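The values are calculated or read from the model by the stated rules, or taken from the named source; none is laboratory data. If you're wondering where the values come from, they're calculated on a predicted model, not measured in any experiment. Virtual Cβ from ideal backbone geometry, glycine too; neighbours counted across all protein chains shown. For accessibility, only protein heavy atoms count, side chains too; no ligands or nucleic acids. Shrake-Rupley method; radii C 1.70, N 1.55, O 1.52, S 1.80 Å.
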Amino acid sequence: MKPTLYIMAAGMGSRYGGLKQLDGLGPSGETIMDYSVYDALRAGFGKIVFVIRHDFEQEFREKIISKYEGHVPVEVVFQDLNALPEGFAPAEGRVKPWGTGHAVLMGKDVVKEPFGVINADDYYGAESFRVLADFLRSVEGKSGAYCMVGFRIGNTLSENGTVSRGVCNVNEEGFLTGVKECHGIERKGDEIVHVTEEGVTEALPSDGCVSMNMWGFTPDYFDYSEKAFIEFLKEHGNELKSEFYIPTVVNDLINDGSITLKVEPTESKWFGVTYAADREATEAQFKKLVDEGLYPTPLF
């Protein structure tokens, strides 16, 4: 059975630096997620599942999913504030989504095989999808064996401002022992630095490992995540802006010994549109990749 790729597109636009949600950035109007789907198919993924907002559906089907007809099976699930376990309801006045952990939970009824999870608006590179697909094929029929594709921090920066990244602790056997969210990361001279919670500027190793929300799970992840989400709602469900994140679930499962999470390193260079000023550079990157013969245009 081929693995599934789960693409989180529910909140698309929020990280596009003011761009329209489905703006094309490739030479023939391709979106970033089009390149991810293309790379995933080349790597051996057999199904694509998108999680989106209900009010996004018609436009998304017309502009995105229609391109993939005849190439790969596609399913759509929906992230909604009211999609909560029995007995819970969002606080009055809440409009903020519940976060990446909740977005993945929306796929529990349609994903029954090992699956990868990515953001819709990040370019991960072909090598990263090959690494992820290889791992997922190796854990078919297993449980509690997860992975994260680990990027070098120096390959994930923006030239137009600071970024936030999940900086990873990895043991000698290559397994993740924890993820710490670091903010205000940027290159200054020959160093990569970030700002600590105390407001202190601190250096980070340029080859240090960071998470870009590219995960590999077996289906038992949904059971663990649902239990964790219930606990999250008990503690934070009445808050207007609290969010339930994938790394929160992963850290807890690692700490209690329920799962192992292998870090699969990649040399791929991430890029995306964190800031509006990133758009020109991203368009140039895609044109360069096409000119080098790494992608056709149009993709589909």
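Of SER66, MET212, ALA120, which is farthest on the positive side of the dipole of the chain, counting Cα position, with +1 on Lys and Arg Cβ, -1 on Asp and Glu Cβ, and the Cα centre as origin? Among SER66, MET212, ALA120, the one farthest towards the positive end of the dipole of the chain is SER66. Dipole size of the stretch 146-300 about its Cα centre, with +1 on Lys/Arg Cβ and -1 on Asp/Glu Cβ: approximately 360 debye, rounded to the nearest 20. Between amide H atoms placed 1.01 Å from N, distances below 5 Å from THR177 occur with ASN169, VAL170, ASN171, all of them 5 or more places distant or on a separate chain.
Per-residue Karplus couplings for the stretch 157-172, computed as 6.51 cos²θ - 1.76 cosθ + 1.60 with θ equal to phi - 60°, are listed in order as 9, 9, 7, 10, x, 7, 10, 10, 9, x, 7, 9, 9, 10, 7, 5 Hz, Gly and Pro entered as x. Computed from Cα atoms alone, the Kirkwood hydrodynamic radius reported for the stretch 1-154 is 16.5 Å. Considering Cα pairs under 8 angstrom that are at least six residues apart, work out the relative contact order of the chain and quote it in whole percent. Result for the chain is 27 percent.
Evaluating 6.51 cos²θ - 1.76 cosθ + 1.60 at θ = phi - 60° for every residue in the stretch 238-247, the Karplus couplings come out as 8, 7, 7, 10, 5, 9, 9, 10, 4, x Hz, glycine and proline recorded as x. Entry comment: accessible area of the chain is 46 Å² per residue, from protein heavy atoms only and a probe of 1.4 Å. Carbon-plus-sulfur accessible fraction, the chain (probe radius 1.4 Å, protein heavy atoms only): 48%. Close amide H pairs (under 5 Å, H built 1.01 Å from N) link VAL77 with PHE50, VAL51, ILE52, residues at least 5 positions away or on another chain. With the cut-off at 1.5 for a/c, could you classify the chain from its C-alpha gyration tensor as rounded, prolate or oblate? In terms of gyration-tensor shape, rounded.
Each Lys and Arg adds +1 at its Cβ and each Asp and Glu adds -1 at its Cβ; summed about the Cα centre, the chain shows a dipole of about 500 debye. Within the chain, CYS147, CYS182 have no other Cys Cβ under 4.7 Å of their Cβ and so lack a disulfide-compatible partner by this rule. Packing order of peptides 51-62, 270-281, highest average first: 270-281, 51-62 (average count of other Cβ atoms within 10 Å over each peptide's residues).
Taking amide hydrogens as placed 1.01 Å from N in the peptide plane, the amide H of VAL139 sits under 5 Å from that of no residue at least 5 positions away in sequence or on another chain. Between the residues PRO97, GLN79, GLY189, the greatest Cα displacement towards the positive end of the dipole of the chain, with unit charges on the Cβ of Lys, Arg, Asp and Glu, is found for GLN79. A simple charge model with +1 on the Cβ of Lys and Arg, -1 on the Cβ of Asp and Glu and nothing else charged puts the dipole of the stretch 1-119 at about 260 debye relative to its Cα centre. Length available on full extension from ASP134 to GLU57: 0.36 nm per residue minus the Cα-Cα distance, which gives 24.6 nm. Over the residues of the chain, the helix contribution to mean residue ellipticity at 222 nm works out to -8000 deg cm²/dmol, using -39500 (n - 2.57) for each DSSP H run of at least 4.
Note on LYS188 and ALA276: with the Förster distance fixed at 22 Å, the Cβ-Cβ geometry gives a FRET efficiency of about 0.50.
Bridging of LYS112 to aspartates and glutamates at a Cα separation below 18 Å is possible for GLU75, ASP134, GLU140, ASP220, ASP223, GLU226, once same-chain residues fewer than 8 apart are set aside.
Given R₀ = 22 Å, FRET efficiency for ALA91-LYS227 by Cβ-Cβ distance, to 0.05? For R0 = 22 Å, the calculated efficiency reads 0.55.
Along the axis of the charge dipole computed for the chain (Cβ charges of +1 for Lys and Arg, -1 for Asp and Glu, origin at the Cα centre), the listed residues LEU233, ILE48, ALA276 are led at the positive end by ILE48. For the stretch 91-96, backbone phi angles converted through the Karplus equation (6.51, -1.76, 1.60; θ = phi - 60°) give residue-by-residue couplings of 5, 4, x, 6, 10, 6 Hz, Gly and Pro being listed as x.
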